[in-house]
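To start, the structure itself, in structure tokens.
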């Protein structure tokens, strides 16, 4: 079918589409006349050339710039953050009338599948909210675009923290705009620490374990509750690798020495033993601290608000220490989320998309989101805001929650997301590691033998993966 025949067959539809989608500035009279004209035989009588001339003349009165749709996906942020994103969208569209924003929120357990399906169909969103491990996997598979050239507006410095950018740097390129993260602090019971004779924050893991034992010895209550069900992250934060050159190495003398220190603390009742090796022992930890049964609770600042609400008497005697960084300088508790650009987004659309990404993850919006969500921002200016750096006047009620924000803000530039990547069925392998550590820490098995056996299981799996 030639273009003349195509236009003749679809003349009404073509003009309807043009009037509705391309010419919002046309008056109602113009629209009515055009549609009426499209359905009369006079159009055919005038010939195709006149119809084409009309189309061209209408195009000349269209807006100078077509509206660009920018669809961005978030993960499990509805319904709590509906007002936040509605206001953000309204503000941005008012400043950029040539942009139409579309916010879509998916539950975390289906977002990844939705994204891969959209990429495969050639219809990816402009931006998508991801965790760092998901981003690493997708970048490795070629499903994300690097954004190094777009992290700052032309002539402006990059304001994201070093740690946030390091989280998203894979094979030398950065794959996203940091949004928010967290970092752990130590909430401690002043009365219990005073009884134990502890006056200073621990500077390393050895001192933290020693203080846990002191609390147990002098108060009869455990001092510390590490998340040993996530022993992989615990080891990495202490500078100990799990895999080197494609082989498991967590049975080295350094690994064994650290597990022996954990075993000694366990034996001295320095650990809260409730759910100590569970995949998520945090509910048990919070309950113990709220009940006055735990000397020190390691958590993100968010949890301090729960203490304030649920146990005001415990909150009144809660102080805050920084959680000591590991030997590599990495602080505990980081788990960053960001906005990535999926593969398949058109290059011509990147300038508008990345401008919005910088706005979405800029200082003002990160600060507002962090205050609402109880998380930590990932830009230097947001972290320097008085909300994180200055205690309110005593009359306003400054307490542990405000102290926790200050302490956390000072640690954010070294808070990293720690995880193991590129291994199929990793959760299964981690269970073998946790079981080995549990057997060694509780004294049921020799630590070296338990770790050796787990290493053998890992290496069989890793070798099989290589062959595949």
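Do you know which residues across segment 138-157 are free of Cβ contacts under 8 Å to residues at least 24 places away in the same chain and either touching a strand residue (DSSP E or B) at 6+ places or on another chain (Cβ under 9 Å) or closer than 13 Å to residue 355 by Cα (or both)?
Across segment 138-157, the qualifying residues are 149, 154, 156.
Please verify whether segment 52-72 includes one or more residues that are within 30 Å of residue 374 (Cβ to Cβ), exposed (fewer than 11 other Cβ atoms within 10 Å of the Cβ) and modelled with pLDDT of 95 or more.
No, there is no match, as no residue in segment 52-72 is within 30 Å of residue 374 (Cβ to Cβ), exposed (fewer than 11 other Cβ atoms within 10 Å of the Cβ) and modelled with pLDDT of 95 or more.
Among the strands (runs of 3 or more DSSP E) lying completely within segment 298-352, list those that include at least 1 residues that are touching a residue at least 60 places away in the same chain (Cβ under 8 Å) and under 30 Å from residue 145 (Cα atoms).
The qualifying strands (runs of 3 or more DSSP E) are 331-334, 337-342.
Which ones in segment 113-142 are farther than 18 Å from residue 165 by Cβ and touching a helix residue (DSSP H, G or I) at 6+ places or on another chain (Cβ under 6 Å)?
Correct list: 124, 126, 128.
Give the number of residues within segment 312-324 that are out of contact with any strand residue (DSSP E or B) (no Cβ under 8 Å at 6 or more places or on another chain) and surrounded by fewer than 17 Cβ atoms within 10 Å (Cβ to Cβ).
Residues flagged as out of contact with any strand residue (DSSP E or B) (no Cβ under 8 Å at 6 or more places or on another chain) and surrounded by fewer than 17 Cβ atoms within 10 Å (Cβ to Cβ) within segment 312-324 amount to 3.
Tell me the residue from 276, 294 that is surrounded by 23 or more Cβ atoms within 10 Å (Cβ to Cβ) and in a loop (DSSP other than H, G, I, E, B), please.
From the options 276, 294, the qualifying one is 294.
Considering each residue of segment 88-116, count those that are surrounded by fewer than 17 Cβ atoms within 10 Å (Cβ to Cβ), within 14 Å of residue 356 (Cβ to Cβ) and touching a strand residue (DSSP E or B) at 6+ places or on another chain (Cβ under 7 Å), and give that number.
4
Condition first: over 25 Å from residue 375 (Cβ atoms), under 30 Å from the mean Cα position of the chain (by Cα) and surrounded by fewer than 20 Cβ atoms within 10 Å (Cβ to Cβ). Can you find one or more residues in segment 192-199 that meet it?
Scanning segment 192-199 turns up no residue that is over 25 Å from residue 375 (Cβ atoms), under 30 Å from the mean Cα position of the chain (by Cα) and surrounded by fewer than 20 Cβ atoms within 10 Å (Cβ to Cβ).
The values are calculated or read from the model by the stated rules, or taken from the named source; none is laboratory data. Remember, predicted model here, so these are calculated numbers, not experimental data. With ideal geometry, Cβ positions are generated from the backbone for all residues, glycine too; neighbour counts draw on all protein chains shown.
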